[in-house]
Amino acid sequence: MRIVVTGSAGHLGEALVLMLRNAGRDVLGIDRRASRLTDAVGSIVDRPFVRECLRGAGAVAHAATLHKPHVATHAAQAFVDTNVTGTLVLLEEAVSAAVGCFVFTSTTSAFGAALEPAPPDPAAWITEEVVPVPRNIYGVTKVAAESLCELAHRRQGLPCVVLRTSRFFPEEDDRAEIRRAYPDDNAKVNEFLYRRVEIEDVVSAHCLALERGPAIGFGRYIVSATTPFTPADLGDLRRDAPRVVGRLFPGYEETYARLGWRMFPGIDRVYVNARARQDLGWPPRHDFGAVLARLQSGADWRSPLAQAIGAKGYHEGTFAEGPYPVD
């Protein structure tokens, strides 16, 4: 069965093509940019190009997108063209080609303003039942694309699985206050407690979604590292996260002190991956405990796949205000 992967020149797309090929799968990587793992160069809004790429395909993993870092550098219409129209073209051509499964890479950024309870409210417990409140055109277009996937399943019977992935990018944090206050690795490791996932686990979730999608029909799943927290921790997490983390991981303070690191003083939301683990049979390997153990042994905290793929960047140029402008 041929699997078409869109966005094969990007961070996740390259990782997906690499791992699927290493597993012996027949993969066609497509992207608007040439790359070492891109087989066909073209746009997902170009219907004849998409139709040709999907000819004989058994599944589609749709990872191509304009991202949050593009909000300040690209017009809203560009987001609609790529994230909405591109997804619609792919879905319609997937139906015409009798593709057996369509996996759409979405984002926890879709939740938007729902992620930030006002202090002193407890941290938000984010499951798939939380209603998205998009804060920018990126979130709006990703939610719209999710709805197109659901519609394609209801109207045309196309099995569609939506994966709302949390942070896995290797680039610097977009928030200047975080870049000033924490070493980059420190901030990223902290996030494994509640809002980050290793790319190796993102790839495994996509592979399982491709396999189980036909039986699921339609599903929407949060893909994030397994949190050690429970709803009972939410109040204390907002007020004093280091104390909660110290109770759950008694050795972390010494490791952090050795590295000159600090835990965030408070945490405002927790992504919950229980539904993905149950429905997809997904066993994420890289949680805070696993990452901490690697740090304690002196190893690189990143997975081998993350190290191999590296950073792709979002823009060709650099910006005075940081790795990319934030809208």
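Within region 149-185, the set of residues being at pLDDT 95 or above, in a helix (DSSP H, G or I) and either closer than 30 Å to L259 by Cα or of a type in the set (D, E) (or both) comprises E150, A181, D184, D185. Considering V103, V143, V133, the condition of being among the β-branched types (V, I, T), surrounded by fewer than 17 Cβ atoms within 10 Å (Cβ to Cβ) and under 20 Å from the mean Cα position of the chain (by Cα) is satisfied by V133 alone. Screening A205, A232 for residues that are assigned to a helix (DSSP H, G or I), modelled with pLDDT of 95 or more and in contact with a Phe, Trp or Tyr (Cβ under 7 Å, 6 or more places away or on another chain) leaves exactly one candidate, A205.
In region 31-38 there is at least one residue that is outside any loop (DSSP other than H, G, I, E, B) and closer than 21 Å to T165 by Cβ.
Scanning region 84-114 for residues that are touching a Ser or Thr at 6+ places or on another chain (Cβ under 8 Å) and of a type in the set (A, V, I, L, M, F, W, C) yields V84, L90, F104.
Yes/no per residue for (1) free of Cβ contacts under 8 Å to residues at least 60 places away in the same chain; (2) among the charged types (D, E, K, R); (3) surrounded by 23 or more Cβ atoms within 10 Å (Cβ to Cβ):
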site	(1), (2), (3)
M1	no, no, no
G10	no, no, yes
L18	no, no, no
L37	yes, no, no
A40	yes, no, no
R51	yes, yes, no
A78	yes, no, no
V89	yes, no, no
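Results for (1) touching a helix residue (DSSP H, G or I) at 6+ places or on another chain (Cβ under 9 Å); (2) among the β-branched types (V, I, T); (3) within 26 Å of S96 (Cβ to Cβ), shown as yes or no for each residue.
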| position | (1), (2), (3) |
| --- | --- |
| G7 | yes, no, yes |
| H11 | yes, no, no |
| V27 | yes, yes, yes |
| T38 | yes, yes, yes |
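Scanning region 208-225 for residues that are under 20 Å from V95 (Cα atoms), part of a strand (DSSP E or B) and out of contact with any His (no Cβ under 6 Å at 6 or more places or on another chain) gives G219, R220. The condition of being crowded, with 21+ Cβ neighbours inside 10 Å and more than 24 Å from the chain's Cα centre (by Cα) holds for only one of V244, V223, that being V244.
Which of the residues belonging to region 12-30 are assigned to a helix (DSSP H, G or I), of a type in the set (A, V, I, L, M, F, W, C) and out of contact with any Ser or Thr (no Cβ under 9 Å at 6 or more places or on another chain)? Scanning region 12-30 gives A15, L18, L20.
Inside region 208-234, can you point out the residues that are touching a Cys at 6+ places or on another chain (Cβ under 7 Å) and hydrophobic (A, V, I, L, M, F, W, C)? Result: L210, F218.
Selection over region 93-113 of residues that are among the charged types (D, E, K, R) and without any contact (Cβ under 8 Å) to a residue 40 or more places away in the chain gives a count of 0.
Residues in region 277-299 that are in a loop (DSSP other than H, G, I, E, B) and under 22 Å from L16 (Cβ atoms): G281, W282, P283, P284, R285, H286, D287. Residues in region 109-128 that are within 19 Å of E150 (Cβ to Cβ) and modelled with pLDDT of 95 or more: T127, E128.
Per this entry, A9 is counted among residues that are touching a Ser or Thr at 6+ places or on another chain (Cβ under 9 Å) and either assigned to a loop (DSSP other than H, G, I, E, B) or at pLDDT below 95 (or both).
The values are calculated or read from the model by the stated rules, or taken from the named source; none is laboratory data. Because the structure is predicted, anything quoted here is derived from the model rather than measured. Virtual Cβ from ideal backbone geometry, glycine too; neighbours counted across all protein chains shown.
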